[in-house]
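Below is one structure; the comments refer to it alone.
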Amino acid sequence: MILYKPGAQFIYKGRRVSVDYVIIRRTGLWVRLAGSDEVCRPEDLTPISPHASGLPEGRH
């Protein structure tokens, strides 16, 4: 399981965003973006660094 820690940096729709928190709904897993009311699916996020997913380096 990939963990999305609060503050983790990703690219979403061509801009840099931070994770606020993860939402689990009946429709699946969603990620709330910090500083906005926007939510997205985890597969729509592109990690900026190896540590963005919250996993130690080498376990991707």
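The values are calculated or read from the model by the stated rules, or taken from the named source; none is laboratory data. The model shown is predicted, which means the values in this text are computed figures rather than measured ones. As a convention, Cβ positions derive from the backbone with ideal geometry for all residues, glycine included, and neighbour counts pool all protein chains shown.
Observations
- Residue that is modelled with the lowest pLDDT [pool: residues in the stretch 21-60 that are assigned to a loop (DSSP other than H, G, I, E, B) and hydrophobic (A, V, I, L, M, F, W, C)]: Ala52
- Residue pairs whose Cβ atoms lie under 6 Å apart, sitting 6 or more positions apart in sequence or on different chains, and linking a residue in the stretch 22-38 that is over 19 Å from Ile11 (Cβ atoms) to a partner that is among the hydrophobic types (A, V, I, L, M, F, W, C), are Ile23/Trp30.
- The one condition in (1) over 9 Å from the mean Cα position of the chain (by Cα); (2) outside any strand (DSSP E or B) that Arg16 fails to fulfil: (2)
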